[in-house]
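Asker: Take this structure, written in structure tokens, and hold onto it; I'll ask about it next.
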Amino acid sequence: MISIKDLSFSWPDGTRAIDRITLAVAQGSSMGIVGANGAGKSTLVNHLNGYFLPQEGSISIGGTIVNKKNLDRIHRVVGLLFQNPDDQLFTARLYDDVAFGPENLGMDRAMMATLIEEWLRALNLWELRNKPPGHLSQGEKRFAAFASILVMQPEVIVMDEPTADLDPKNRRKLINLVNALTMTKVTVSHDLDFVWDICERVCIMNQGRIVEEGPTREILSQRELLEANNLELPLRLQR
């Protein structure tokens, strides 16, 4: 589903944020991307929906090249969940936030209404549909942001630190939600226990490069590898 080949990206000051990355993510699989602050994780995933365009190398999503000409198609295929849900919720009413994406994609209105109700009910948000997003709890905002993505029926969902600010109950709810989703999933997270629970494979980034990639439980069980990249073992493995 996702093919990244020799991708590089530099900031205007010349700092190399992504350095010759090659990565493949199979359709319907779940990939975790981990690394210390500044490793290039968010910069990488912001290429997947065309927020950044490749300066060198290439990316394709479901066979579609990520470039300026194909952005409309990429935006239909890839849903990006921001690290801060306040960046994703901006209207005066929760229902309107969830409707914003499908309306702009030109979705049939009857189908849109059905999908919105379906996802808001599934996420226990239907009774809150007329509330301003600013009046929601942090957990409610997180799931409202998910609803705004899922209602567009993406083939790929990209999540940037999705457990940030969640309490244990909502974190478990999120794990159950993500594991029930059948689309291709890419997750950036410092929460290695969360990655352990939802990702089949994981890659470790350091200084803009992928230094290791493989089965999640194999990679995240290697103390020396993690510590060499400024990470720690998942809490469940610490003694």
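The values are calculated or read from the model by the stated rules, or taken from the named source; none is laboratory data. None of the values given here were measured: they were computed from a predicted structure. Please note: Cβ atoms are built from the backbone with ideal geometry, for glycine as well, and neighbour counts cover all protein chains shown.
Asker: Being within 19 Å of residue 201 (Cα to Cα), outside any loop (DSSP other than H, G, I, E, B) and not hydroxyl-bearing (Ser, Thr, Tyr) is the filter here, so list the residues in region 27-58 that pass it. Spell out how you get there, then give the answer.
Answerer: Keep residues of region 27-58 that are within 19 Å of residue 201 (Cα to Cα), which gives 27-36, 39-42, 44-45, 48.
Next, only the ones that are outside any loop (DSSP other than H, G, I, E, B) stay: 30-34, 41-42, 44-45.
Listed by number, the residues that qualify are 31, 32, 33, 34, 41, 44, 45.
Asker: Further question on the same structure: Would you check which residues across region 110-133 are exposed (fewer than 14 other Cβ atoms within 10 Å of the Cβ) and either hydrophobic (A, V, I, L, M, F, W, C) or in a helix (DSSP H, G or I) (or both) and list them?
Answerer: Passing the criteria: 110, 111, 114, 121, 127.
Asker: Regarding residue 14, is this residue modelled with pLDDT under 95 and either part of a strand (DSSP E or B) or crowded, with 18+ Cβ neighbours inside 10 Å (or both)? Walk me through how you get there before you give the answer.
Answerer: Values: modelled with pLDDT under 95: yes; either part of a strand (DSSP E or B) or crowded, with 18+ Cβ neighbours inside 10 Å (or both): no.
Considered against the rule, which asks whether it is modelled with pLDDT under 95 and either part of a strand (DSSP E or B) or crowded, with 18+ Cβ neighbours inside 10 Å (or both), residue 14 comes out as no.
Asker: Separate question: Quick check on region 137-146. Is at least one of its residues in contact (Cβ under 8 Å) with a residue 60 or more places away in the chain and touching a Pro at 6+ places or on another chain (Cβ under 9 Å)?
Answerer: Let us first name the residues in region 137-146 that are in contact (Cβ under 8 Å) with a residue 60 or more places away in the chain, namely 145-146.
Those still in the list that are touching a Pro at 6+ places or on another chain (Cβ under 9 Å) too: 145-146.
Yes, that holds for at least one residue.
Asker: Which condition number in (1) over 16 Å from the mean Cα position of the chain (by Cα); (2) in contact (Cβ under 8 Å) with a residue 60 or more places away in the chain; (3) surrounded by fewer than 17 Cβ atoms within 10 Å (Cβ to Cβ) is the one that residue 39 fails?
Answerer: (3)
Asker: Next up: For region 152-239, please list each of the helices (runs of 4 or more DSSP H) lying entirely inside it that holds at least 2 residues being among the basic types (Lys, Arg) and surrounded by fewer than 20 Cβ atoms within 10 Å (Cβ to Cβ). Let's see the steps before the verdict.
Answerer: On the way: elements: 168-180, 192-198, 216-219, 223-228.
Helices (runs of 4 or more DSSP H) meeting the threshold: 168-180.
Asker: Here's a follow-up. Tell me, yes or no, whether region 28-37 has at least one residue that is out of contact with any Phe, Trp or Tyr (no Cβ under 7 Å at 6 or more places or on another chain) and more than 30 Å from residue 10 (Cα to Cα). Full working, then the answer.
Answerer: First, pick out the residues of region 28-37 that are out of contact with any Phe, Trp or Tyr (no Cβ under 7 Å at 6 or more places or on another chain): 28-37.
Next cut, more than 30 Å from residue 10 (Cα to Cα) only: 28.
Taking every residue of region 28-37 in turn, at least one turns out to be out of contact with any Phe, Trp or Tyr (no Cβ under 7 Å at 6 or more places or on another chain) and more than 30 Å from residue 10 (Cα to Cα).
Asker: Pairs only if they're at least six apart or on different chains, beta carbon under 8 angstrom, first in region 176-190 and closer than 11 Å to residue 45 by Cβ, second of a type in the set (Lys, Arg); list them, first residue then second.
Answerer: Filtered contacts from region 176-190: 188/41.
Asker: Determine whether residue 71 is within 26 Å of residue 199 (Cα to Cα) and either out of contact with any Lys or Arg (no Cβ under 7 Å at 6 or more places or on another chain) or modelled with pLDDT under 95 (or both). Spell out the reasoning first.
Answerer: Working: within 26 Å of residue 199 (Cα to Cα): no; either out of contact with any Lys or Arg (no Cβ under 7 Å at 6 or more places or on another chain) or modelled with pLDDT under 95 (or both): yes.
Considered against the rule, which asks whether it is within 26 Å of residue 199 (Cα to Cα) and either out of contact with any Lys or Arg (no Cβ under 7 Å at 6 or more places or on another chain) or modelled with pLDDT under 95 (or both), residue 71 comes out as no.
Asker: Shifting gears a bit: Kindly indicate the residue of region 135-151 that is under 21 Å from residue 92 (Cβ atoms) and touching a strand residue (DSSP E or B) at 6+ places or on another chain (Cβ under 9 Å) and also surrounded by the fewest Cβ atoms within 10 Å (Cβ to Cβ) among those meeting that condition.
Answerer: Among them, the one singled out is 149.
Asker: Give the residue, chosen from 155, 200, 212, 161, that is among the charged types (D, E, K, R), more than 15 Å from residue 25 (Cα to Cα) and in contact with a strand residue (DSSP E or B) (Cβ under 7 Å, 6 or more places away or on another chain). Step through it out loud before you land on a result.
Answerer: Working: 155 fails: more than 15 Å from residue 25 (Cα to Cα); 200 fails: more than 15 Å from residue 25 (Cα to Cα); 212 fails: more than 15 Å from residue 25 (Cα to Cα).
Result: 161 is the single residue among 155, 200, 212, 161 that is among the charged types (D, E, K, R), more than 15 Å from residue 25 (Cα to Cα) and in contact with a strand residue (DSSP E or B) (Cβ under 7 Å, 6 or more places away or on another chain).
Asker: If you don't mind, another one. Collect the residues in region 122-169 that are over 25 Å from residue 61 (Cβ atoms) and among the acidic types (Asp, Glu), keeping them in residue-number order.
Answerer: Within region 122-169, 127, 140, 165, 167 qualify.
Asker: Also, I was wondering about something else. What number of residues within region 100-124 are aliphatic (A, V, I, L, M), modelled with pLDDT of 90 or more and in contact with a Lys or Arg (Cβ under 9 Å, 6 or more places away or on another chain)?
Answerer: At the first step, the residues of region 100-124 found to be aliphatic (A, V, I, L, M) are 105, 107, 110-113, 115-116, 120, 122-123.
Checking the rest, the ones that are also modelled with pLDDT of 90 or more come to 110-113, 115-116, 120, 122-123.
Filter once more, keeping what is in contact with a Lys or Arg (Cβ under 9 Å, 6 or more places away or on another chain): 116, 120, 123.
Residues meeting the conditions: 3.
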